[in-house]
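S.K.: This is the structure I have questions about; it appears just below.
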Amino acid sequence: MLYSFKFCGSVMVDANIKKRVILMRFVIVAGTPSSGKTSVMVHTIRHLLKNGLVVAACKIDCLQTSDDVKYSRLGIPVAVGLSDYICPDHFYVSNLEEVELWAREQNADVLVLETAGLCHRCAPAVHDCLSVCVIDNLIGIDTPKKVGPMLGTADIVVITKGDIVSQAEREVFRHKVEMENPQARILDINGLTGQGVLALKNEIIDSKELGSITGKELKNSMPAAICSYCAGETMIGQSHQMGLVKKVDFRRGMDA
Amino acid sequence: MLEQITILGGLDKSGHPEKIQRIEAAAGEVLAVAGPTGSGKTQLISDIEQHAEYETLTGRRVLINNQLVNKSKDKRHLRYLIAQVSQNMNFVIDMSIEEFLTMHAQVRSIHDPGNTIMKVLEITNHLSGEPVTFSTNLTQLSGGQSRALMVADVALISNAPVVLIDEIENAGIDRLQALEILTGQGKIVLVVSHDPTLMLMAEQRIIMKNGGMEKVCRTTQEERKVLADLTRVEKKMAGLRDYLRKGYSIGQDTDLND
Ligand SMILES: Nc1nc2c(ncn2[C@@H]2O[C@H](COP(=O)(O)OP(=O)(O)OP(=O)(O)O)[C@@H](O)[C@H]2O)c(=O)[nH]1
Ligand SMILES: Nc1ncnc2c1ncn2[C@@H]1O[C@H](COP(=O)(O)OP(=O)(O)OP(=O)(O)O)[C@@H](O)[C@H]1O
Ligand SMILES: [Mg+2]
Ligand SMILES: [Mg+2]
């Protein structure tokens, strides 16, 4: 078996799914590791539930996660997908339909899909979904540039951990984020207290409902990963390398 | 420009309407926020910082120049309106004071950055103990030095018209001077404080209880006299602190009042 999905909560196929299908909002949450994705979403989901919406949460990760426990405490259906030896972002894209189906079976009005966000090359944003990128004030002021497409393709950028850095650093950091993504709405949220999550809740409620994820398009292509190491090779050396292999260009930046 | 902020009351922790339903503060004014631990002082500051519009825990609303702010899509015009300094904040960027202040001044489009950052350094050293220099790394600053730099930066570079201060009395800086520097710029300053001198320095003080604004007191003529006494005592304390910190002994070294 390539991967396993752990379903918590009962899986029930509702006869009215077709009717409800039209109503599901698809929220994709990306961000650097430990930036506060789960903290922010748990607070946000609590408010969505207060508004009477049905929310389902799914976490895609690599080897292990305890995020399902945190989401489960809200009493909502939760699923986990572990990519194991597969790149978690490729795994994520190839399972979007399955995750969507699962959420529809839960009668969800809102699906929150939290990704692993391990590699800064990938951006999980999909057209017509609401993509949220969560980054924190501690990652350093040059990081917004490095995070690249994940930040650049987000509809909403959430900046956390402003409670522990200076006003000056918050302003500089926010400016750097704006430079990377001038279109996004930027929200300051405290993941510990939930300060600021209502703005995010409102954005989710106002976001477009998705008919079906099938046929939608990634905003940014995933990096190619089809070399021998993708297939389990562990030996070092050119003779073990096959497929798409890229080498360091040591002359880079030395010309001119 | 920002001339006034108004806080419209919501609900206390028990869900009852707060006693105080309207508070106004004009440019140049200081408001103190006082009340027992857990009474909702920080929450009030946080409502203001978020330009609350019913949507926070308390259901309060904050008006700017007598109007609800337009939060619909682009909140960008609000981003530099409010600055905050609290005792939990620290500098985390690994950079020299000069590099960082220059960067911040650039972000805030300060006209004369060279001169401004000089002044920030001056104020910092005025407010805290051991002087820092431009080449000092931000992460090397002590707690007091950091807070001093934050106040100076908020005063001159962030330059937000509204400043929220949460319990800086324990920060080891000259808090009376800090408050004077901030109000000197025509800002609205809200200070959360357990310190009677700071409370009396404000024109009004909001008393919090059970999560609600319970009472607003205007500082009376009589209280101003008490404040004058307190300030005198503070000055004496400050003198004494300085004297002892320098390693002098009373009665043996130079006169205490020099
Ligand atoms: N001080 C502070 N801590 C925060 C804030 N937001 C989150 N944290 C803390 O940061 C840590 C990581 O938060 P998570 O919500 O698990 O982060 P995550 O992005 O979901 O992490 P992964 O899913 O493991 O990548 C936790 O210890 C949180 O309590 C914040 O705004 N301020
Ligand atoms: N009106 C309210 N309704 C519901 N909860 C509230 C209200 N006001 C405050 N709270 C909650 O009460 C708790 C304590 O409030 P807060 O931290 O503001 O107290 P404080 O006065 O700042 O205390 P301290 O002096 O210890 O800093 C917080 O969790 C806050 O969110
Ligand atoms: Mg998480
Ligand atoms: Mg407090």
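S.K.: Given the conditions (1) outside any helix (DSSP H, G or I); (2) open to solvent by less than 40 Å² (accessible area, probe 1.4 Å); (3) not small (Gly, Ala, Ser), and given that B:Pro131 satisfies all but one, which numbered condition is not satisfied?
M.R.: (2)
S.K.: Looking only at region A:220-242, count every residue that is surrounded by 12 or more Cβ atoms within 10 Å (Cβ to Cβ) and at pLDDT 75 or above and tell me the total.
M.R.: Residues meeting the conditions: 8.
S.K.: Taking the options B:Leu44, B:Leu63, B:Leu81, name whichever one is open to solvent by less than 10 Å² (accessible area, probe 1.4 Å) and closer than 18 Å to B:Leu190 by Cα. Before the answer, list the steps.
M.R.: Working: B:Leu63 fails: open to solvent by less than 10 Å² (accessible area, probe 1.4 Å); B:Leu81 fails: open to solvent by less than 10 Å² (accessible area, probe 1.4 Å).
Result: B:Leu44 is the single residue among B:Leu44, B:Leu63, B:Leu81 that is open to solvent by less than 10 Å² (accessible area, probe 1.4 Å) and closer than 18 Å to B:Leu190 by Cα.
S.K.: Out of region A:143-170, which residues are within 9 Å of another protein chain (Cβ to nearest Cβ), out of contact with any helix residue (DSSP H, G or I) (no Cβ under 6 Å at 6 or more places or on another chain) and part of a helix (DSSP H, G or I)?
M.R.: A:Asp163, A:Ile164, A:Glu169 - these are the residues of region A:143-170 that are within 9 Å of another protein chain (Cβ to nearest Cβ), out of contact with any helix residue (DSSP H, G or I) (no Cβ under 6 Å at 6 or more places or on another chain) and part of a helix (DSSP H, G or I).
S.K.: Determine which member of the set B:Gln50, B:Gln21 is surrounded by 19 or more Cβ atoms within 10 Å (Cβ to Cβ) and either over 20 Å from the mean Cα position of the chain (by Cα) or within 16 Å of ligand 4 (Cβ to nearest atom) (or both).
M.R.: Numbers: B:Gln21 fails: surrounded by 19 or more Cβ atoms within 10 Å (Cβ to Cβ).
Answer to the check: B:Gln50.
S.K.: OK, next. Any chance you could count how many residues in region B:1-53 are among the aliphatic types (A, V, I, L, M) and in contact with a helix residue (DSSP H, G or I) (Cβ under 6 Å, 6 or more places away or on another chain)?
M.R.: Looking only at region B:1-53, we keep the residues that are among the aliphatic types (A, V, I, L, M), and these are B:1-2, B:5, B:7-8, B:11, B:20, B:23, B:25-27, B:30-34, B:44-45, B:48, B:52.
In the following step, the residues that additionally are in contact with a helix residue (DSSP H, G or I) (Cβ under 6 Å, 6 or more places away or on another chain) were identified as B:30, B:32-34.
Total meeting the criteria: 4.
S.K.: Do the conditions hold for B:Leu240, that is, is it open to solvent by 50 Å² or more (accessible area, probe 1.4 Å) and part of a helix (DSSP H, G or I)? Lay out the reasoning, then the answer.
M.R.: On the way: open to solvent by 50 Å² or more (accessible area, probe 1.4 Å): yes; part of a helix (DSSP H, G or I): yes.
The answer is yes for B:Leu240.
S.K.: Could you say whether any residue in region B:150-172 is among the small types (Gly, Ala, Ser), assigned to a loop (DSSP other than H, G, I, E, B) and open to solvent by 10 Å² or more (accessible area, probe 1.4 Å)? Steps first, answer last, please.
M.R.: Initial filter on region B:150-172 (among the small types (Gly, Ala, Ser)): B:152, B:155, B:158, B:160, B:171-172.
In the following step, the residues that additionally are assigned to a loop (DSSP other than H, G, I, E, B) were identified as B:160, B:172.
Then keep just the ones that are open to solvent by 10 Å² or more (accessible area, probe 1.4 Å); that gives B:172.
Looking through region B:150-172, at least one residue is among the small types (Gly, Ala, Ser), assigned to a loop (DSSP other than H, G, I, E, B) and open to solvent by 10 Å² or more (accessible area, probe 1.4 Å).
S.K.: Filter region B:192-206 down to the residues that are farther than 18 Å from B:Lys235 by Cβ and open to solvent by less than 10 Å² (accessible area, probe 1.4 Å) and list them by number.
M.R.: B:Val192, B:Ser193, B:Ala202, B:Ile206
S.K.: Tell me the strands (runs of 3 or more DSSP E) entirely within region A:33-114 that contain at least 1 residues that are buried (at least 21 other Cβ atoms within 10 Å of the Cβ) and away from ligand 1 (no atom under 16 Å from the Cβ). Explain how you work it out, then say what you get.
M.R.: On the way: elements: A:55-61, A:78-82, A:110-114.
By residue number, A:55-61, A:110-114.
S.K.: Here's something else I'd like to know. Tally up the residues in region B:1-25 that are in contact with a strand residue (DSSP E or B) (Cβ under 7 Å, 6 or more places away or on another chain) and more than 14 Å from B:Arg205 (Cα to Cα), please. Don't jump to the end; show me each part of the working.
M.R.: Start the filter on region B:1-25 by keeping residues that are in contact with a strand residue (DSSP E or B) (Cβ under 7 Å, 6 or more places away or on another chain), which leaves B:2-9, B:11-12, B:17-25.
After this cut, where a residue has to be more than 14 Å from B:Arg205 (Cα to Cα) as well, the list is B:2-6, B:8-9, B:11-12, B:17-19, B:21.
Number of matching residues: 13.
The values are calculated or read from the model by the stated rules, or taken from the named source; none is laboratory data. This structure is a prediction, so every number in the text was calculated from the model and none was measured. Reconstructed Cβ throughout: ideal geometry from the backbone, glycine too, with neighbour counts over all protein chains shown. Remember, those area values only see protein heavy atoms, side chains included, never the ligands or the DNA or RNA. Shrake-Rupley method; radii C 1.70, N 1.55, O 1.52, S 1.80 Å.
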